[in-house]
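Structure record follows, encoded as structure tokens.
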Amino acid sequence: MKSIRYLLFIVLVAAVHTQAANRKPNVVILFTDDQGTLDANCFGSKDLHTPNIDKLAATGVRFTQAYAHTVCCPSRAALMTGHHPQRCNVNFWTQGNMHSANGINMHLSEVTIAEALKAGGYRTALFGKWHLGAHRDFGPMKQGFDEFFGIRDGFIDNFNHYQLHQNGYHDLYEGTKEIQAKGKFFPEMVVERSLEFIERNKTNPFLLYVGFNIPHYPEQALKQHEVLYTNLPSPRRQYAAIVTTTDYYIGKVVDKLADLGLRENTIIIFQSDNGHSAEDYQIKTDGHKSGYPKGHNYGANGGGGNTGKWIGHKNTFLEGGVRTPAIISYPGKLPQGIARDQIVTIMDWFPTVLELCNVPKPAVPLDGRSLLPIIKSNDAPSAHKVVYFQWINSWAVREGDWKLIRKKGRGEKAKESFSLHNLAEDNPEVKNHLDENPEVVKRLKDLHSVWANDVFAGQGSRP
């Protein structure tokens, strides 16, 4: 009898191990907000304390030439869909206040990574920042997420949860239900919900998208992180502290996965949505809905990010505006502690994740490409011979070391200007090579024109 029981035990253990081995990997996306090009210790900012991001790099693949976008909305559209944001109806600021008149929202016809994974048997959640359209008939739970808690627009004060631009409005939701939680630190609430979701779904595959709203302004770091940087000058001091607060909360999520034995079988993607902010803002009206007085400062103190030899910041197409830190860590299947220098884009996460999870791609062409060939071989070429960016009427095209940037205001008759830059120079993007390289300018303009005719097809007139 004992031998039969023992045999049954062995069969049961084998079945459990087989089930674990065959289980699809979990996916955790750690998407930070306004974290600049080199702003983690492992990317070269040795003045920053970022042990948890550094650990992700040590247990994964770090990308040194990863492109997101110039501001929040287009980056999120590209991440969610694997498409250029212009295909998704995102070439301008999306609707922010759920209670306002109808504005721009990402097309519901777009298949998001959440919808693709949900169809593959995944439980899905987004905690944090959405910023792809706040209208109640759109949003995360209309596009594949089973659960959503967070902000439907772009940023809030972390303690009273008001958007601070113009007259302000409250922006904290469970799905489309408004939540009042004054005094609670928003990043803490986001991570608490994330940990609870992981615990509840530890026996089933899940997608967890943690849309951090930090280090984006207002730079409200935890006190224990502020004291680490008292010797740094402003604005690096304030920015460094909120980067470390961001890293601290990243660590909480990763540690939870490890505590539950899920780390080996979890794909973790880390990236920022754009370069560091250099914006300065003040409340300009009396009686602001947030309760803050006129003159209250809530911007980025002029910008404290580190771009190294690159120049630029958020809201520009210079490298410092669009090149961001990026890591993938999947200890059970992918190499650890390596770097890749090839061009990759934020759109590439979509097909990469689906391939790793053995989930079918949507039946539409993707602009992103799987990163697995690059991850497997340092000699594999980038799938992106030309890189395109556009936001409203301005755009940029990079081919090889050349980058052409067009700046144009919002109006039809707004002033237009071009600049041509060579990224191979010792001081890249400082010099404008426009006048002496007309053939390069023409080629890049022609490339943009073909691209724009494609991505704006069916969207009406294009800028």
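What the table shows:
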item	result
Among the residues listed as Gly103, Gly144, Gly96, Gly154, the single one being in a loop (DSSP other than H, G, I, E, B), over 26 Å from Pro351 (Cβ atoms) and touching a helix residue (DSSP H, G or I) at 6+ places or on another chain (Cβ under 7 Å)	Gly154
Long-range neighbours under 7 Å by Cβ, at least six apart or interchain, first residue within 19 Å of Trp93 (Cβ to Cβ) within the stretch 392-404, second surrounded by fewer than 24 Cβ atoms within 10 Å (Cβ to Cβ) and of a type in the set (Gly, Ala, Ser)	Asn393/Gly409; Asn393/Ala414
Conditions (1) of a type outside the set (A, V, I, L, M); (2) modelled with pLDDT under 95; (3) closer than 18 Å to Phe63 by Cβ: number failed by Lys361	(3)
Some residue of the stretch 191-201 being of a type in the set (A, V, I, L, M), touching a Pro at 6+ places or on another chain (Cβ under 9 Å) and part of a helix (DSSP H, G or I)	no
Residue in the stretch 349-380 that is nearest to Glu115 (Cα to Cα), counting only those that are of a type in the set (A, V, I, L, M, F, W, C) and free of Cβ contacts under 8 Å to residues at least 24 places away in the same chain	Ala363
Subset tally (residues that are closer than 30 Å to Cys357 by Cβ and acidic (Asp, Glu)) for the stretch 194-230	2
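Residues checked against (1) within 22 Å of the chain's Cα centre (by Cα); (2) outside any strand (DSSP E or B):
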position	(1), (2)
Leu207	yes, no
Leu232	no, yes
Arg237	no, yes
Ala240	yes, yes
Tyr292	no, yes
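Per-residue answers, yes or no, for (1) closer than 23 Å to Pro74 by Cα; (2) hydroxyl-bearing (Ser, Thr, Tyr); (3) outside any strand (DSSP E or B):
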residue: Asn427; (1), (2), (3): no, no, yes
residue: Lys431; (1), (2), (3): no, no, yes
residue: Glu436; (1), (2), (3): no, no, yes
residue: Lys442; (1), (2), (3): no, no, yes
residue: Asp446; (1), (2), (3): yes, no, yes
residue: Ser449; (1), (2), (3): yes, yes, yes
residue: Ala452; (1), (2), (3): yes, no, yes
residue: Ala457; (1), (2), (3): yes, no, yes
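The values are calculated or read from the model by the stated rules, or taken from the named source; none is laboratory data. Just so you know, these numbers come straight off a predicted model, no measurement behind them. Neighbour counts are summed over all protein chains in view; Cβ atoms, including those assigned to glycine, are modelled from backbone coordinates with ideal geometry.
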